[in-house]
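Accompanying notes for the structure given below.
Nothing in this text is a laboratory measurement; each read-out follows from the coordinates by a stated rule. Computed from a prediction, not measured in an experiment: that's the story for all the values here. Using ideal geometry, Cβ is built from the backbone for each residue, glycine included, and neighbour counts are taken over all protein chains shown.
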Amino acid sequence: MKALVPFKIVYHERYDLNLGPHVFPSQKFRLIYEALLRDHIAAPEDFLLPRPATDEDILRVHTSDWVRKLKTGTLTATDVMKLEVPYSPELVEAVWLAAGGSILAAQSALRDGFASNLSGGFHHAYPGHGEGFCAIHDVAVAIRKLQADGPVKKAIVVDTDVHHGNGTAAIFRNDNTVFTLSIHQENNYPAHKPPSSLDLNMDDRADDEEYLGALIPAVRKSLDEFQPDILFYVGGADPYCEDQLGGLSLTKEGLKQRDRFVFEEARKRRIPVATTLAGGYARRLEDTVRIHVNTILAAQEVAGKYPQTSSTHG
């Protein structure tokens, strides 16, 4: 079967965090993969299978104490309370795979202009602990890996989860090689929001027009001034109007416009884009799945308009 998307999509069946009944629908990773195949958006040849990130990769971001706790199952009660998901060996396998997946997506994006990881975006993880369903910060791990290997000096993270990317802000604070942009609902988790390079604090019930009106000029200005080598897109489904953990009022079409706009601004400037997922807790799981699938569709549309050339980030 011929490839259908002009870039690679990273997926592993073990991405499921094994949470059981939980507000975080960890089966969504498999459902997105199945929807992409079922709807003929992607073919089997379009997918790459990630390996788990190495501990060396993880330790560029996380403390040895936190890595040891996760690998040996010795989290304290406070650790588990902050993490807000039950500990299991499957959880650890999934987040190591997600980090490996974001590394692989970033490497593929440098080659093809675009790539998507169907997991990741775990932006609440701090170097020494997990928070808010996030144990390992896959995007930070991928950025540090690319910087260590040499192809990337400067990276930008555009985070569109309804919740502030507090782990991202904390990890890259005072680091002039990484620009962090977070657009989020101000009156929502987390209570403590360390400053990103740029924070766009949205009022409760902000709609498509208000949200895009804040995001569009901010992304343009940030890309022009910072001139990154790669853009990591943390694609939140939870600004959706029917999300259980969000309080914004975006529509599915507004969210897809958001994705398409960010991708176009990056590719106009010949900046590779690696997308990851983020939160999505819609009352109907199929809405969350559709929003994430639409991110792939938006990338597909933009990739066709702005193909990678051999002279770009070769």
What full-extension length gain, to one decimal in nm, is calculated for ARG38 and GLU56 as 0.36 nm per residue of separation minus the Cα-Cα distance? 2.8 nm
At a Cα cut-off below 30 Å, give the lysines reachable from LYS305, other chains included and same-chain residues fewer than 8 away excluded. LYS2, LYS8, LYS28, LYS145, LYS153, LYS154, LYS221, LYS252, LYS256, LYS268
Dimensions in Å of the range 98-222 - Rg and Dmax from alpha carbons: 14.5, 43
Please give the length that would be gained between GLU90 and ASP65 if that part of the chain were fully extended, namely 0.36 nm times their separation in residues minus their C-alpha to C-alpha distance (nm, one decimal). 7.0 nm
Round to the nearest 0.05 the FRET efficiency obtained for ASN176 and LYS305 when R0 = 30 Å and r is the Cβ-Cβ distance. 0.40
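Kindly state, as a whole number, the per residue volume in cubic angstrom of the convex hull around the alpha carbon atoms of the range 8-305.
113 Å³
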Provide the descending list of Cα extents for the range 170-252 along its principal axes, expressed in whole angstroms. 36, 26, 17
If the reach is capped at under 17 angstrom between alpha carbons, list the aspartates and glutamates near LYS82, excluding any in the same chain fewer than eight residues apart. ASP65, GLU131
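When 1/r is averaged over all different Cα pairs and the result inverted, which Kirkwood radius in Å belongs to the range 65-143? Mind dumping the intermediate values first?
Values: mean 1/r = 0.0776 Å⁻¹.
So the Kirkwood estimate lands at 12.9 Å.
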If you put +1 on each Lys and Arg Cβ and -1 on each Asp and Glu Cβ, how big is the dipole of the chain around its Cα centre, in Debye rounded to 20? 800 debye
Interatomic Cα distance distribution for the range 226-314, bins of 5 angstrom, percent: 3, 15, 25, 21, 15, 11, 7, 3, 1, 0
